[in-house]
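K.L.:
Dropping the structure in here first, questions after.
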Amino acid sequence: MAMAKTSPNLVVTTADVKSMRVAITQDGQFKRKFVANKLFVDQQITQAIEVPTPKDGGGGYTHERHKKNYQLMYDTGITYQLTQDDQYAHYVRDMLLTYAELYPTLPLHPKRKMGKQNPGKLFWQSLNEAVWLVYTSQAYDLILSSLTVEEQATIENGLFRPMVKFLSVESPETFNKVHNHGTWTTAAVGMTGYVLGELEWVEQALYGLDKSGKGGFLRQLDELFSPQGYYNEGPYYQRYALMPFVTFAKAIQTNQPERKIFEYRNGIVLKAIDTTIQLSYNQLFFPINDAIKSKGIDTIELVNGVTIAYGLTSDTGLLDIAKQQNQIVLTGDGLKVAQALDNNLATPYQFNSVALGDGNDGRQGALVIMRQNVGGEQALLFKPAAQGLGHGHFDKLTWQFYDKGEEIVSDYGAARFLNVEAKYGGRYLPENNTWAKQTIAHNTVVVDEKTHFNGSVKKGNKHHPELLFFETNENITISSAKIDSAYPGVSLTRTMALINLEHQEQSLVIDVFDVKSTSNHQYDLPVHYKGQLISTSFELDTQLTSLGVLGEANGYQHLWLKAQAQPNAGLAQITWLNDNGRFYTSSSIMDGDASFLFTQIGANDPLFNLRNENAFINRKATSKNHTFVSILEPHGEFNPAKEFTVNAVSRVQTLSHQKNKDIDIVELTTTGGKRYLLAFNAAENVNNKQSNTFLFNGTKYQFSGRFKWFEVK
């Protein structure tokens, strides 16, 4: 079934073009972006068109050339619409005709990885082919009105129709898959369907090849996002998948507004855009799961998302993000953003402390973000979230901490040099499996040097932590979660609190990790830290002339053992200095039997694929039940330029923990005699009105609900 064609009519419409043509005659950000874009295009179109026969994997010449071509065709198409100069349309036409001649002759890509990724023809995996088509379908839409009937037929029959067939009916396992690869593919086919007037393609893109609703774009929206807009694979892949979601949604709204796509599932697309922003700190995404740590809010996927969201909502908080992104998009919505920024309409975007439910029902664990501002913006990320499919890591109940713009307690992210062909073709390195995904690479308990779920993605996807509670007020944000399925016969429960010590310009992270089993096990709790080790409150046995490897498998084989210690029972403190000029002290309760292991990544890494980062591991060698209790304390300042150091020593003097039935009580004292208690109830099924009473050091205390922070007089 065909539908009437109007051009352009996808993300950019004829009405948009009319307004944009006026805007480029007036001074402002939109005109400046247009001038810069046109200058780039003018330089490029003087060069010969290059459409090489595919032969290279990611990062190689032919791979990168085809990526540049789709972006160049899109940019040139926009320039044509705004200038009405035929030379730009002719350039895109000639490149498309070249592709139409090449594409029917192509076999599967020579660098394909059969059995791992669905192969493409232009690219080593079909994912890249779908991305190419999302952009190129828009470029075609932008110049369609300039083409003759014969040119249209040649391009559509030689390029678009065979590519759509290849990505859809010839690749059903990807097209119908609930995964970001499926999202890109359905978006590509659906958008091409709108441009070519093929409503059948649109229906298949929306509902799956058989149009049953078991696959397709709407199923992706139903399954991949939680009700709050959190994407199952984590923020790195959320921003990547965001592009086809928002772009295809915009095309649907343009062509079939009666579908009310931006209202679908209570506005899930707009929620996903906002959640992607929330999943960042200091403009970078939290690097959980398979994440490249340099990716942030200025990524083009989120730039487009913020632009489209502002065009729909006029939310001035989004302008704050657009200002930080510092990229104007040459679309109708981009014009709205540019004009609003020119008129200084931006208001501060509100970053929140929030528990983002995981899974399509929001009940498969959660990703918890805690934020406060004490001498600088701070964020704590707590991860009682679901596995995250194939890109997920085995890191149940892990955490990260950020302060003054820097990562303090870190996550390795992915082991990958994206698009660096010399490093495993730019793909995920073998060490992504042997190190980065392993539990020891994260800040959570490892039992018997084994990885959560024994490293089985299939098993991991079947189980998830339970979020016991999340609460926040002016001075404290606290959350607790548990999981009983990461290890057979072992229960893991962790409670974390980010606390602002009122009137002291002081913050603390309190961490209580309770491990229970009916059998004896070895328990390791690592802290991967960023900075230079400054001091410990106990003596170190440091390896001075040779290093041993910590273990044989499950990530331990990549750790050099640099030092170890067995502190006396009581308070043990480790202090390091971060590049932000602030000191950080981890204070732990030790029982006299547990030990600390100081490690560095780099063992069994013959090709130097891993970063040499540091950690200390709190090890309880043999126990059935054990509770790790610690405090992370930011303090002081080191300024070598001005030659001063202040408050380089921790203020925590004592730390204790007691269990009173279901209530945990953590007591700490600081210099000056200040005494505090954190009492919380992490039992299941506690309501907010439940009264809790406990006796501590002869004094009776009472609180309602889940927790109470006491400043003891």
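K.L.:
Do we have any residue at all in the range 501-516 that's in contact with a Pro (Cβ under 8 Å, 6 or more places away or on another chain), under 15 Å from Asp664 (Cβ atoms) and in a strand (DSSP E or B)?
P.N.:
no
K.L.:
Right, Asn609: open to solvent by 20 Å² or more (accessible area, probe 1.4 Å) and polar (S, T, N, Q) or not? Steps first, please.
P.N.:
Working: open to solvent by 20 Å² or more (accessible area, probe 1.4 Å): no; polar (S, T, N, Q): yes.
When the stated conditions are applied, Asn609 does not pass them.
K.L.:
If you check Phe285, Phe248, Phe262, which single one turns out to be in contact with a helix residue (DSSP H, G or I) (Cβ under 6 Å, 6 or more places away or on another chain), surrounded by fewer than 21 Cβ atoms within 10 Å (Cβ to Cβ) and not basic (Lys, Arg)? Spell out the reasoning first.
P.N.:
Details: Phe285 fails: surrounded by fewer than 21 Cβ atoms within 10 Å (Cβ to Cβ); Phe248 fails: surrounded by fewer than 21 Cβ atoms within 10 Å (Cβ to Cβ).
Within the list Phe285, Phe248, Phe262, the selection yields Phe262.
K.L.:
What number of residues within the range 684-711 satisfy the criterion of being within 26 Å of Ile483 (Cα to Cα) and touching a residue at least 40 places away in the same chain (Cβ under 8 Å)?
P.N.:
Residues flagged as within 26 Å of Ile483 (Cα to Cα) and touching a residue at least 40 places away in the same chain (Cβ under 8 Å) within the range 684-711 amount to 6.
K.L.:
Please give the strands (runs of 3 or more DSSP E) falling wholly within the range 617-713 in which 2 or more residues are of a type in the set (S, T, N, Q).
P.N.:
Working: elements: 626-635, 637-639, 644-646, 652-660, 663-670, 674-681, 691-696, 699-704, 707-712.
Of the strands (runs of 3 or more DSSP E) lying wholly inside the range 617-713, those with at least 2 residues that are of a type in the set (S, T, N, Q) span 626-635, 652-660, 663-670, 691-696, 699-704.
K.L.:
Select from the range 373-392 the residues that are under 19 Å from Gln278 (Cα atoms), open to solvent by 30 Å² or more (accessible area, probe 1.4 Å) and touching a residue at least 40 places away in the same chain (Cβ under 8 Å) and list them in ascending order.
P.N.:
Selection gives Glu377 alone.
K.L.:
Does the range 1-43 hold any residues that are open to solvent by less than 40 Å² (accessible area, probe 1.4 Å), in a helix (DSSP H, G or I) and not acidic (Asp, Glu), and which are they? Explain how you work it out, then say what you get.
P.N.:
Narrowing the range 1-43 to residues open to solvent by less than 40 Å² (accessible area, probe 1.4 Å): 7-13, 16-17, 20, 23-24, 28, 30, 34, 37, 41.
Narrowing further to those that are in a helix (DSSP H, G or I): 16-17, 20, 23, 30, 34, 37, 41.
The answer is Val17, Met20, Ala23, Phe30, Phe34, Asn37, Val41.
K.L.:
Something else about it: If Gln47 satisfies all but one of (1) part of a loop (DSSP other than H, G, I, E, B); (2) under 37 Å from the mean Cα position of the chain (by Cα); (3) within 30 Å of Lys423 (Cβ to Cβ), what's the number of the condition it fails?
P.N.:
Here Gln47 clears every test but (2).
K.L.:
Quick test for you: out of Ala153, Ala139, pick the one residue that is open to solvent by less than 20 Å² (accessible area, probe 1.4 Å), part of a helix (DSSP H, G or I) and either touching a Phe, Trp or Tyr at 6+ places or on another chain (Cβ under 8 Å) or free of Cβ contacts under 8 Å to residues at least 24 places away in the same chain (or both). Steps first, answer last, please.
P.N.:
Working: Ala153 fails: open to solvent by less than 20 Å² (accessible area, probe 1.4 Å).
Answer to the selection: Ala139.
K.L.:
So which residues in the range 338-358 are under 17 Å from the mean Cα position of the chain (by Cα) and not in a strand (DSSP E or B), if there are any at all? Break it down into steps so the answer makes sense when it comes.
P.N.:
In the first step, residues of the range 338-358 are kept if they are under 17 Å from the mean Cα position of the chain (by Cα); the result is 351-358.
Scanning the range 338-358 gives Phe351, Asn352, Ser353, Asp358.
K.L.:
I've got another one for you. So Ala603 clears everything in (1) over 30 Å from Thr477 (Cβ atoms); (2) more than 26 Å from the chain's Cα centre (by Cα); (3) open to solvent by 10 Å² or more (accessible area, probe 1.4 Å); (4) not basic (Lys, Arg) except one condition, right? Which one?
P.N.:
(3)
K.L.:
Turning to a different aspect of this structure: Looking at the range 396-407, is at least one residue buried (at least 24 other Cβ atoms within 10 Å of the Cβ), in contact with a helix residue (DSSP H, G or I) (Cβ under 6 Å, 6 or more places away or on another chain), within 24 Å of Leu224 (Cβ to Cβ) and not hydrophobic (A, V, I, L, M, F, W, C)?
P.N.:
yes
K.L.:
Hey, another quick one. Pick from Arg219, Arg161: which is among the basic types (Lys, Arg), assigned to a helix (DSSP H, G or I) and closer than 27 Å to Leu389 by Cβ?
P.N.:
Arg219
K.L.:
Out of all the residues in the range 690-710, which are over 15 Å from Glu667 (Cα atoms) and small (Gly, Ala, Ser)?
P.N.:
Residues of the range 690-710 that are over 15 Å from Glu667 (Cα atoms), as a first pass: 690-693, 702-706.
Hits for the range 690-710 are Ser691, Ser704, Gly705.
K.L.:
Here is a further query. Cβ-Cβ under 9 Å, sequence separation 6+ or interchain: first residue in the range 473-491 and more than 18 Å from Asn688 (Cβ to Cβ) and free of Cβ contacts under 8 Å to residues at least 40 places away in the same chain, partner basic (Lys, Arg) and not in a strand (DSSP E or B). Which pairs?
P.N.:
Once the first residue is more than 18 Å from Asn688 (Cβ to Cβ) and free of Cβ contacts under 8 Å to residues at least 40 places away in the same chain and sits in the range 473-491, its partners that are basic (Lys, Arg) and not in a strand (DSSP E or B) give Ser485/Lys396; Ser485/Lys459; Ser485/Lys462.
K.L.:
Next question. Only residues in the range 290-314 that are of a type in the set (Ser, Thr, Tyr) count as the first member; pair them with residues that are open to solvent by less than 30 Å² (accessible area, probe 1.4 Å), Cβ under 6 angstrom, at least 6 apart or cross-chain, and list the lot.
P.N.:
Pairs found: Thr299/Arg239; Thr307/Val329; Thr307/Asp333; Thr307/Gly334; Thr307/Val337; Tyr310/Leu318; Tyr310/Val337.
K.L.:
Moving to a separate point now. Sort out which residues of the range 81-136 are hydrophobic (A, V, I, L, M, F, W, C), assigned to a helix (DSSP H, G or I) and more than 29 Å from the chain's Cα centre (by Cα), and write them in order of number.
P.N.:
Pass one, the range 81-136, residues hydrophobic (A, V, I, L, M, F, W, C): 82, 89, 92, 95-97, 100, 102, 106, 108, 114, 122-124, 127, 130-134.
After this cut, where a residue has to be assigned to a helix (DSSP H, G or I) as well, the list is 82, 89, 92, 95-97, 100, 102, 127, 130-134.
Passing the criteria: Leu82, Ala89, Val92, Met95, Leu96, Leu97, Ala100, Leu102.
The values are calculated or read from the model by the stated rules, or taken from the named source; none is laboratory data. Everything numeric here is computed off the predicted structure, so don't read it as measured data. Note: ideal-geometry Cβ built from the backbone for every residue, glycine included; neighbour counts use all protein chains shown. Heavy atoms of the whole protein, side chains included, go into the accessibility calculation; ligands, DNA and RNA do not. Shrake-Rupley method; radii C 1.70, N 1.55, O 1.52, S 1.80 Å.
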